[in-house]
Amino acid sequence: MAAARRVHNKKRGVMKRLICNRIKTWLFVLSMTFSMLFLPGCSDPYAARLPVNSKLTMGEVEKISAKLEPADQDVFRRWAERQTRGGSFGGEGTAPTVKIALLNQAEFDARMKIELAAANAQKAEADRIAREREKEARDKQAQLAQIATRRAEVDAEIRKQFDAHAIGYELRPLTNSYGEIVGKQFVFKLKLANKSLKNLVGAAGWVSVTDVFGADLGSYPMRIEPKMKPGQSIDYFAVMDYDYSNPKHYAITQTASLRIHWFFESVAFQDGTNIDYRTIASENGRVVPTKPQPQKGVVM
């Protein structure tokens, strides 16, 4: 009986050890499973926790970056550098893990690309407008130069047929029928010469006025209608109203000596023909008068 009892006890001890070993094995497996499911940060670098204030030292940044995929390493470095200078975008939350930090930086980079594209488009539009304005300015300058050249050609051609020189001027009061002064007038005394073979009845152009030092005192349209026979020279008085609101008119009255120069645009003859830019052609860089074009009716 005693021998049988010892054998039985021995068997029971073996069974207990087997059960204990199995329990230990299952506990180990459960602990490993728990670690894999609930503690991924221990093996996954993207789940690594980051400081609450998102501030990392350079050494910490490089240590974390070294565990990431090559494509993510520079992204993480840019995120960390941005945190040190406080460069968060609107609505950006904290990054508790490396993965969230990478997502935040990807969104930041996308926003920067959009802003850069908008800025580049705005600059391109500004450059286009500037180029158009420069072109308009060049075209206007070229047009003005062309007009000046044309006027010079017309003036030179007309002077072969007609000429005018100012030999004096004065500022006279302008009165009404009651003898009351209602204004003033510039009266220019001109010496006119008809060098053509026709009766001349009119001339039009611009009068340029400067002082003796060349200061511009204005250019004014002038139209006169003298009756002149071929080869005749006469004195003629041309009148221009004084404009109280024009500072150059006032400057004229304050100048003792003036220089007055005519620029002719047209002369009219009694037979109905004119000489102006329409009757003058430019050929090979020289002015060639064309056949005078008759106007409606004959001037009497």
Original post:
Is one or more of the residues making up region 90-103 in a helix (DSSP H, G or I), of a type outside the set (A, V, I, L, M), surrounded by 14 or more Cβ atoms within 10 Å (Cβ to Cβ) and over 15 Å from the mean Cα position of the chain (by Cα)?
Top reply: yes
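Here's the yes/no breakdown for (1) under 11 Å from ALA164 (Cβ atoms); (2) surrounded by 16 or more Cβ atoms within 10 Å (Cβ to Cβ); (3) at pLDDT 90 or above:
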site: GLY202; (1), (2), (3): no, yes, yes
site: GLY205; (1), (2), (3): yes, yes, yes
site: GLY214; (1), (2), (3): no, no, no
site: ILE234; (1), (2), (3): yes, no, yes
site: ASP241; (1), (2), (3): no, no, yes
Original post:
How many of the residues in region 228-275 are closer than 21 Å to LYS191 by Cα and acidic (Asp, Glu)?
Top reply: 3
Subject >> Out of ALA126, ALA193, ALA156, sole residue that is of a type in the set (A, V, I, L, M) and touching a His at 6+ places or on another chain (Cβ under 9 Å) >> reply: ALA193
Original post:
Hey, among VAL207, VAL212, VAL187, which residue is under 12 Å from PHE263 (Cβ atoms) and within 49 Å of the chain's Cα centre (by Cα)?
Top reply: VAL207
**OP:** Would you point out which residue out of GLU153, GLU125, GLU132 is in contact with a Ser or Thr (Cβ under 7 Å, 6 or more places away or on another chain), of a type in the set (Asp, Glu) and in a helix (DSSP H, G or I)?
**Re:** GLU153
Subject >> Among the candidates ARG78, ARG138, residue that is charged (D, E, K, R), open to solvent by 60 Å² or more (accessible area, probe 1.4 Å), out of contact with any Ser or Thr (no Cβ under 9 Å at 6 or more places or on another chain) and more than 30 Å from ALA47 (Cβ to Cβ) >> reply: ARG138
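The values are calculated or read from the model by the stated rules, or taken from the named source; none is laboratory data. Quick caveat: nothing in here was measured; it's all calculated off a predicted structure. Note that we place each Cβ from the backbone using ideal geometry, even for glycine, and neighbour counts take in every protein chain shown. The area values use the complete protein model at the heavy-atom level, side chains included, leaving out ligands, DNA and RNA. Shrake-Rupley method; radii C 1.70, N 1.55, O 1.52, S 1.80 Å.
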